[in-house]
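The values are calculated or read from the model by the stated rules, or taken from the named source; none is laboratory data. Remember, it's a predicted structure, so these values are computed and weren't measured experimentally. No Cβ is skipped: glycine too gets one built from the backbone with ideal geometry, and neighbour counts run over all protein chains shown. For the accessible areas, the whole protein counts, side chains as well, though only heavy atoms, and no ligand, DNA or RNA atoms are used. Shrake-Rupley method; radii C 1.70, N 1.55, O 1.52, S 1.80 Å.
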Amino acid sequence: AKEEGRNNFQFFVPEMNFRVDLLFSMEKDLRLALERGELFLQYQPQADLASGTLSGVEALIRWDHPVKGQVSPAEFIPVAEETGQIVAIGEWVLRTACSQMAEWRKTGMHDLTIAVNLSIRQLRQPDLAELIKSVLLETGLDARHLELEITEGIMMGDNQAAFRFLSEMQDLGVQLSIDDFGTGFSSLNYLKQMPVNKLKIDQSFIRDIETDEGDAAIIRSIISLGHRLNLRVIAEGVETQEQLDFLRIRGCDEIQGYFYSRPLLAEDFMRFVKAPPRL
Ligand code: C2E
Ligand code: CA
Ligand code: CA
Ligand code: CA
């Protein structure tokens, strides 16, 4: 067994080096990305199902790498979380998204909310609440028009601090939603205590909504749980009319997904707003 262990170890060494190299080069590239302005945001519209109209947008980060082209956030956000760069990147996202929404509101866009994703690593920064307050002040965006998307993992570790942060945000009027709901392992007891406004059903449950009875049951349960706790429920990754119909019949409040719109560049979103499809 000892012999085997050693062999395994030797086998993994080159791969570990490879991974470390990759992390280092991505870290350097990401630092340059911030400096050179290679990062930008896209905005994905969300629709309210009761009225069938546009209700908000989620800001999603994009990276136009000079050599690799578009790098997916699914690839670089985890690296930025590991290196700690997510703190600076997240601050840039927050500021950019809030100032964009403040600008849009000046041009007469009605009651839209901008949702910004927060990493656990950002939430662990003791000055996050101060940062958010100063960004709102700076950009002139009303707190009611900012929504923060957090994941269930926030309640792991120091949940006292997390709880304080969420309460402070709610007191300000900032909306809070739990992203990827159903994929983490938050206990229902936490959920009951957590000051949040919205549950976002993870897209993995939506994909096979019509064929997978387990997924359909989970969705129905999340919607009724959310409503019993006085939370709004949004489904993400909605791609078809059938998925939309299923969700509407079960009382889901909002949807987001390719069926309504792909994530859009700011200028394309301006065009979308002029004639959004009615659901
Ligand atoms: P997420 O927060 O769950 O965002 C939803 C993802 O689903 C986005 O992927 C979006 O483009 C994609 N999507 C939207 N509608 C559909 C659909 O109908 N079908 C399918 N198949 N996909 C759909 P994206 O933009 O690649 O982002 C991936 C993840 O990266 C996000 O997942 C989020 O966890 C993270 N991320 C993106 N932007 C930020 C950011 O500014 N800060 C942080 N911390 N994380 C971010
Ligand atoms: Ca999200
Ligand atoms: Ca999600
Ligand atoms: Ca996700």
Give all pairs with beta carbons closer than 6 Å in which a residue from segment 233-246 that is farther than 22 Å from Ala59 by Cα meets a residue that is of a type in the set (D, E, K, R) and more than 9 Å from ligand 1 (Cβ to nearest atom); count only pairs at least 6 apart in sequence or on separate chains. Glu242/Glu210
Cβ pairs under 6 Å, 6+ apart or interchain, first in segment 250-265 and without any contact (Cβ under 8 Å) to a residue 40 or more places away in the chain, second surrounded by 18 or more Cβ atoms within 10 Å (Cβ to Cβ) and part of a loop (DSSP other than H, G, I, E, B), ordered by first then second residue, are Phe259/Val238
Filtered residues of segment 195-222 (kept if away from ligand 3 (no atom under 16 Å from the Cβ), over 24 Å from Leu60 (Cβ atoms) and of a type outside the set (S, T, N, Q)): Pro195, Glu210, Asp212, Glu213, Gly214, Ala216, Ala217, Arg220
So, in segment 194-207, of the ones that are of a type in the set (D, E, K, R) and touching a Phe, Trp or Tyr at 6+ places or on another chain (Cβ under 7 Å), which residue ends up farthest from ligand 4 (Cβ to nearest atom)? Lys200
Give the number of residues within segment 195-221 that are more than 18 Å from the chain's Cα centre (by Cα) and either within 24 Å of Thr113 (Cβ to Cβ) or within 16 Å of ligand 2 (Cβ to nearest atom) (or both). 1
Condition check for Val79: within 16 Å of ligand 3 (Cβ to nearest atom), open to solvent by less than 40 Å² (accessible area, probe 1.4 Å) and over 16 Å from Glu35 (Cβ atoms): no
Of (1) modelled with pLDDT of 95 or more; (2) open to solvent by 80 Å² or more (accessible area, probe 1.4 Å), Asn17 fails just (1)
Condition first: open to solvent by 60 Å² or more (accessible area, probe 1.4 Å), touching a helix residue (DSSP H, G or I) at 6+ places or on another chain (Cβ under 8 Å) and modelled with pLDDT under 85. Can you find one or more residues in segment 167-189 that meet it? yes
When Glu147 is evaluated against the numbered criteria (1) modelled with pLDDT under 95; (2) within 16 Å of ligand 3 (Cβ to nearest atom); (3) not aliphatic (A, V, I, L, M), which criterion, by number, is the only one it fails? (1)
Report yes if Ile154 is part of a helix (DSSP H, G or I), within 16 Å of ligand 3 (Cβ to nearest atom) and β-branched (Val, Ile, Thr), otherwise no. yes
So which of Glu138, Glu210, Glu130 is away from ligand 4 (no atom under 16 Å from the Cβ), in contact (Cβ under 8 Å) with a residue 24 or more places away in the chain, open to solvent by 30 Å² or more (accessible area, probe 1.4 Å) and in a helix (DSSP H, G or I)? Glu138
In segment 241-262, is there at least one residue being in a helix (DSSP H, G or I), surrounded by 15 or more Cβ atoms within 10 Å (Cβ to Cβ) and within 16 Å of ligand 3 (Cβ to nearest atom)? yes
Those residues that are in contact with a helix residue (DSSP H, G or I) (Cβ under 9 Å, 6 or more places away or on another chain) and either among the basic types (Lys, Arg) or open to solvent by 30 Å² or more (accessible area, probe 1.4 Å) (or both), I need them from segment 147-166; list them, please. Thr151, Met156, Gly157, Asn159, Ala161, Phe163, Arg164
Is it the case that Arg62 is open to solvent by 10 Å² or more (accessible area, probe 1.4 Å), within 16 Å of ligand 4 (Cβ to nearest atom) and not β-branched (Val, Ile, Thr)? yes
Scan Ala88, Ala80 and give me the residue that is touching a residue at least 24 places away in the same chain (Cβ under 8 Å) and away from ligand 4 (no atom under 16 Å from the Cβ). Ala88
